């Protein structure tokens, strides 16, 4: 595979992926699939959403108008890239649904450590 493409995948184009310790993909392997036409396609190993019970609850939060997960992650966890921990702690497969309903109570996990199983087993 082209080194530039591999570098971009590993850095997740500066989005916090898999080399950033706060990324949900931190430590995941990068794999390559070769299409029938011989073109290699880089991808990250599949991530399974962990059971919400592995997270230690910091507090509950009632969603208000215009809440966003990245802003809540900044407020409670100190890093907007940790929005995925809030999604995982609430068992959300669609993170935007967590803040779509004003008045909904969501759980904010303790962000000081990422528990075993939150990433790759």
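Once the stretch 66-118 is narrowed to residues that are in contact with a strand residue (DSSP E or B) (Cβ under 6 Å, 6 or more places away or on another chain) and part of a loop (DSSP other than H, G, I, E, B), the residue that is modelled with the highest pLDDT is 90. Quick check on residue 57: is it in contact with a helix residue (DSSP H, G or I) (Cβ under 9 Å, 6 or more places away or on another chain) and buried (at least 16 other Cβ atoms within 10 Å of the Cβ)? It is false that residue 57 is in contact with a helix residue (DSSP H, G or I) (Cβ under 9 Å, 6 or more places away or on another chain) and buried (at least 16 other Cβ atoms within 10 Å of the Cβ). Per the listing 82, 58, the residue uniquely within 14 Å of the chain's Cα centre (by Cα) and within 22 Å of residue 20 (Cβ to Cβ) is 82.
The values are calculated or read from the model by the stated rules, or taken from the named source; none is laboratory data. Everything numeric in this text was worked out from a predicted model, so none of it was measured. Neighbour counts run over all protein chains shown; Cβ positions are idealised from the backbone, glycine included.
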